[in-house]
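Report on the following structure.
The values are calculated or read from the model by the stated rules, or taken from the named source; none is laboratory data. The structure presented is a predicted model; accordingly, all values stated were derived computationally and were not measured. Cβ: placed from backbone, ideal geometry, glycine included. Neighbour counts: every protein chain shown. Calculation scope for accessible area: heavy atoms of the full protein, side chains included, ligands and nucleic acids excluded. Shrake-Rupley method; radii C 1.70, N 1.55, O 1.52, S 1.80 Å.
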Amino acid sequence: MNILIVEDDKALNNGIALSLSSERTLQAYSINQARELLDKTINLIILDINLPDGSGLDFCREIRAASRIPIIFLTANDMELDIVTGLESGADDYITKPFSLAVLRARVNAVSRRNVSAGNDNIFCQNGFDFNFDTMLFSDNGAPAELSKTEQKLLKLLVNNRGSTLTKDTLIDRIWTDGAEFVEENALYVTVSRLREKLPNAPIKTVYGIGYTWEV
């Protein structure tokens with residue numbers, strides 16, 4: 001999982017990154033730096049509110065206008081109104097300073113679990129795969145992959161139905177929804193082949209004579 005830490009206190013930023021060393025962390029010390037990193041595959045954001053070039057609240061709203069990336073506020077603003085405002089701006093959690101790094105790790109894990117269990121089918125982060133269908137950013141064990149719209153549709157169907165076999169007819173009907181009367185089965189085969197090339201570790205299994213499955 002890729003976690004973006006947006007905190008202008010460099011010592012604290014480094015401490016958070018160290019405590020989350022089991023994950024891949026990206027560090028920003030301002031909103032402008034954070035914006036530059038948002039084109040990466042980001043799965044969760046830890047965001048301070050009082051930043052040198054603006055408000056984390058406004059930045060949270062900006063992100064929410066385009067994405068459902070989980071966001072945890074980390075701030076010294078500990079009044080009840082501050083917490084309510086933070087959550088209403090779109091944050092998934094709100095942690096006040098000072099705080100325990102162990103508690104932060106637990107909150108990060110809890111927010112990650114919630115977004116998976118809540119059925120957020122636009123974000124998939126498992127076994128080295130980071131797929132974000134909101135931002136259209138995809139990576140396989142850290143290696144970014146550029147997918148076409150058709151490949152994205154196929155990938156989303158497979159990961160959201162992982163463990164189940166999707167027939168060729170089902171995939172064709174749900175991927176090519178532009179009103180085309182007939183799509184050759186070869187188009188599906190080509191799309192699967194290209195997806196396998198771009199995501200070489202993806203467990204896309206051919207179920208001969210039937211269709212395809214994301215093997216679990």
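Data table
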quantity: Folded to 0 to 90 degrees: helix 10-19 orientation relative to the chain principal axis, Cα; calculated: 50
quantity: Fraction of accessible area attributable to carbon and sulfur, the stretch 1-138 (%, probe 1.4 Å); calculated: 50
quantity: Part-to-part distance (alpha-carbon centres) for the stretch 196-216 and the stretch 23-74, which is given in Å; calculated: 34
quantity: Nearest-ten-degree value, helix 185-198 long axis tilted from longest Cα axis of the chain; calculated: 40
quantity: Solvent-accessible heavy-atom area per residue, rounded to whole Å², over the stretch 142-216 at 1.4 Å; calculated: 61
quantity: Point-charge dipole on Cβ atoms (K/R +1, D/E -1) for the chain, about Cα centre, debye to 20; calculated: 640
quantity: Residue among 135, 96, 177 with the largest mean-square fluctuation in a Gaussian network model of the chain, springs linking Cα atoms under 10 Å; calculated: 177
quantity: Share of carbon and sulfur in the accessible heavy-atom surface of the stretch 152-215 [1.4 Å probe, %]; calculated: 44
quantity: Karplus 3J(HN,Hα) series, Hz, for the stretch 206-216 with 6.51 cos²θ - 1.76 cosθ + 1.60 (x for Gly, Pro); calculated: 7, 9, 4, x, 10, x, 9, 9, 8, 6, 10
quantity: For the chain, with +1 on Lys and Arg beta carbons and -1 on Asp and Glu, the positive-most of 81, 206, 125 along the dipole; calculated: 206
quantity: Among 126, 27, 152: highest mean-square fluctuation, GNM of the chain, C-alpha pairs under 10 Å; calculated: 126
quantity: P(r), alpha carbons of the stretch 1-74 - 5 Å bins starting at zero, rounded %; calculated: 4, 17, 32, 28, 14, 4, 0
